[in-house]
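Just below is one structure, and these are the notes that go with it.
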Amino acid sequence: MSPRSQDWFGRSGVNGFIGRSWLRNQGFTDQDFDGRPVIGICSTWSELTPCNGHFRELAEHVKHGVRQAGGVPVEFPVMSLGETILRPTSMLFRNLVSMDVEESIRANPLDGVVLLCGCDKTTPALLMGAASVDLPALVVSGGPMLTGRFRGKALGSGTAMFAMAEQVRAGTLSEREFREAESCMSRSAGHCNTMGTASTMACLTEALGMALPGNAALPAVDSRRRVHARASGARAVALVREDLRPSAVLTPEAFANAVRLNAAIGGSTNAVIHLLALAGRAEVPLDLDTIDTLGRDVPLLVDLQPSGRHLMEDFFAAGGAPTVLRELRPLLDNDTLTVTGACLGANNQLAPEPDGEVVRHLARPLTTGSGTAVLRGNLAPDGAVIKPSAASARLLVHRGRAAVFHGMDDFRARIDDPCLDLDEDSVLVLTGAGPRGYPGMPEVGNLPLPRYLLERGVTDLVRISDARMSGTAFGTVVLHVSPEAAAGGPLALVRSGDLIELDVPGRRLHLDVDAAELARRRTAWEPPAPAADSGYQRLYVDHVEQADRGADLDFLRGRRGALVRGDNH
Ligand code: FES
């Protein structure tokens, strides 16, 4: 069968001329148009996405591999999402990028695509777009940064920053030292070197079967990352020849493997929301309860920050995702097809044994039951999540009085006010930070503690919100409360002084206020004005789904395929 690109390049008349002639100004030859696979390299390079700042060079290595295998590489940009730069939050744009990816792939003469992604939202956005088009595709991640060091101590991206920020508030670290640590933390190209969202999503991409083995942990600046990029480019050509598409790889069993790996690596809570959205694109049934059930009996095997001690460079040396996937074999479906053309189990059978330190043996895990826990109750009828491995054991079963803040401006204005009279049993509640209400669901759920409690040595409080939190963050933080407050969820009805019960082992989140009083508050509640009245943000707030469904836009669910009807001239 002739490749899809021949519908552009293999034609006669004006439509053939127009497809070929303008590309010849890029140096394309007759050979490039002769029916060999055309591989798009979908790049999220941007100087405003520092984690992906090395992608122009990485793309050259992918191109080399494509050419070596007899394909034609064509690099194209899509909107990039710099987690640390974008306001109000990069999550607002994940779905927009997925649309950019989907339409760019479909509208161009591509037979397959290599997805170059790294920083948090770029991986789910590119996978979502590619899943909806369903042309042969695989992921090449940018790789994590090298380990940062400050005054003899390793600095984990994000995790160290949050910890040091609390030390500054507590008066145990000076502003000058905090500033000095800035340039010590991010010392090479690459994305966050903790098991934050970027590294988590890169690992899960391996479990899903959408990347070659070893993709996740190879440091960005390690020479083997270049070799990996070349091998991936070559493999993309083979994927086209084999007509191996994401729909054959992104199966329910592959998602189950990803959920289980996420538990074993102590992965980000953001992975839950991204997996739900990707499953929606891949037309795979997946919900919060399934995620809870799948992750519940999985032991924590990886000792990486923010749940543990080490960083991605250590994880790479200990074998990376292939070693964990190999060790997890008894808990996985090892027969799932991957982009290598072989199944997951075969891909990883030669991975190194766990070192027992960074990666633990299944028989000697760090903890058991490490998966993201899904809570329900009258405060979160459609669910909420918490990462037990990053929480304080003393707070996993807790009852305390709420201190409610409506939005981050309110929080910042009042959190240090001693009149709030907070103590170590208080429960901080934040509303108005969900997908629709903010808009975009920012990573603010790990609310900073009040200065006077930090000074007393309190290091954690139960915090509850409809927000997300950075995958690099930690604490007893209940997130993604659904429905969100702006959509009329019960979170909007909580008042300061109410008692809240959290029971993580029992999967319960309860507002201890009687039903009659809640009904009275419900009657008095008025929905907030839409968070945007025009432009993309209006489209977003009108169509974004709640966190328990992945916060995708409702009209983007499903696969739409690669067929294009109509010529451009
Ligand atoms: Fe880009 Fe963390 S800020 S991965």
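Of the numbered criteria (1) more than 30 Å from GLY280 (Cβ to Cβ); (2) open to solvent by 10 Å² or more (accessible area, probe 1.4 Å); (3) within 13 Å of the ligand (Cβ to nearest atom), the one GLU180 fails is (3).
Are there any pairs with C-beta distances below 7 angstrom linking a residue in the range 293-315 that is free of Cβ contacts under 8 Å to residues at least 12 places away in the same chain to a residue that is open to solvent by less than 10 Å² (accessible area, probe 1.4 Å) and in a loop (DSSP other than H, G, I, E, B), with the two at least 6 apart or on different chains, and if so which? As it stands, the answer is ARG309/ASP303, since those pairs meet every condition given.
Filter the helices (runs of 4 or more DSSP H) completely within the range 300-360 down to those with at least 2 residues that are out of contact with any helix residue (DSSP H, G or I) (no Cβ under 9 Å at 6 or more places or on another chain). Even if it seems obvious, please write down each step before you answer.
Values: elements: 312-317, 320-327, 344-348.
In the range 300-360, 312-317 are the helices (runs of 4 or more DSSP H) which contain 2 or more residues that are out of contact with any helix residue (DSSP H, G or I) (no Cβ under 9 Å at 6 or more places or on another chain).
So the check is Cβ under 8 Å with 6+ separation or different chains; which pairs have a first residue in the range 186-198 that's closer than 11 Å to ALA217 by Cα and a second one that's more than 9 Å from the ligand (Cβ to nearest atom) and aromatic (Phe, Trp, Tyr)? Listed pairs, sorted by first residue: MET195/PHE315.
Residues of the range 442-457 being open to solvent by 10 Å² or more (accessible area, probe 1.4 Å) and either modelled with pLDDT of 95 or more or within 16 Å of the ligand (Cβ to nearest atom) (or both), which ones? Reasoning before the result, please.
Looking only at the range 442-457, we keep the residues that are open to solvent by 10 Å² or more (accessible area, probe 1.4 Å), and these are 443-444, 446, 448, 451-452, 454-457.
Within the range 442-457, GLU443, VAL444, ASN446 meet the criteria.
Condition check: of a type in the set (A, V, I, L, M, F, W, C), farther than 20 Å from GLY209 by Cβ and part of a loop (DSSP other than H, G, I, E, B). Does LEU96 satisfy that? Give the steps one after another, and end with the answer.
Numbers: of a type in the set (A, V, I, L, M, F, W, C): yes; farther than 20 Å from GLY209 by Cβ: yes; part of a loop (DSSP other than H, G, I, E, B): no.
For LEU96, the condition - of a type in the set (A, V, I, L, M, F, W, C), farther than 20 Å from GLY209 by Cβ and part of a loop (DSSP other than H, G, I, E, B) - is not met.
Which of the residues spanning the range 278-294 are touching a helix residue (DSSP H, G or I) at 6+ places or on another chain (Cβ under 6 Å) and of a type in the set (Gly, Ala, Ser)? Those that are touching a helix residue (DSSP H, G or I) at 6+ places or on another chain (Cβ under 6 Å) and of a type in the set (Gly, Ala, Ser): ALA279, ALA282.
For (1) aromatic (Phe, Trp, Tyr); (2) in contact (Cβ under 8 Å) with a residue 60 or more places away in the chain; (3) under 20 Å from LEU479 (Cα atoms); (4) assigned to a helix (DSSP H, G or I), each residue gets a yes or a no:
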residue: ARG235; (1), (2), (3), (4): no, yes, no, yes
residue: ALA238; (1), (2), (3), (4): no, yes, no, yes
residue: PHE255; (1), (2), (3), (4): yes, no, no, yes
residue: ASN262; (1), (2), (3), (4): no, yes, yes, yes
residue: SER268; (1), (2), (3), (4): no, yes, yes, no
residue: ALA271; (1), (2), (3), (4): no, yes, yes, yes
residue: LEU275; (1), (2), (3), (4): no, yes, yes, yes
residue: LEU278; (1), (2), (3), (4): no, yes, yes, yes
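The set of residues in the range 468-512 being without any contact (Cβ under 8 Å) to a residue 40 or more places away in the chain and either touching a Ser or Thr at 6+ places or on another chain (Cβ under 6 Å) or surrounded by 21 or more Cβ atoms within 10 Å (Cβ to Cβ) (or both) consists of LEU493 alone.
The rows are residues; the columns are (1) touching a residue at least 24 places away in the same chain (Cβ under 8 Å); (2) within 16 Å of the ligand (Cβ to nearest atom); (3) more than 30 Å from LEU276 (Cα to Cα).
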position: GLN31; (1), (2), (3): no, no, yes
position: GLY35; (1), (2), (3): yes, no, yes
position: ILE41; (1), (2), (3): yes, no, no
position: PHE55; (1), (2), (3): yes, yes, no
position: VAL66; (1), (2), (3): yes, no, yes
position: VAL72; (1), (2), (3): yes, no, yes
position: GLY82; (1), (2), (3): yes, yes, no
position: VAL97; (1), (2), (3): yes, yes, no
position: ASN108; (1), (2), (3): yes, no, no
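The values are calculated or read from the model by the stated rules, or taken from the named source; none is laboratory data. All values derive from a computational prediction rather than experimental measurement. We place every Cβ from the backbone using ideal geometry, glycine too, and count neighbours over all the protein chains shown. Please note that ligands, DNA and RNA were not included when accessible areas were found on the heavy atoms of the full protein model with its side chains. Shrake-Rupley method; radii C 1.70, N 1.55, O 1.52, S 1.80 Å.
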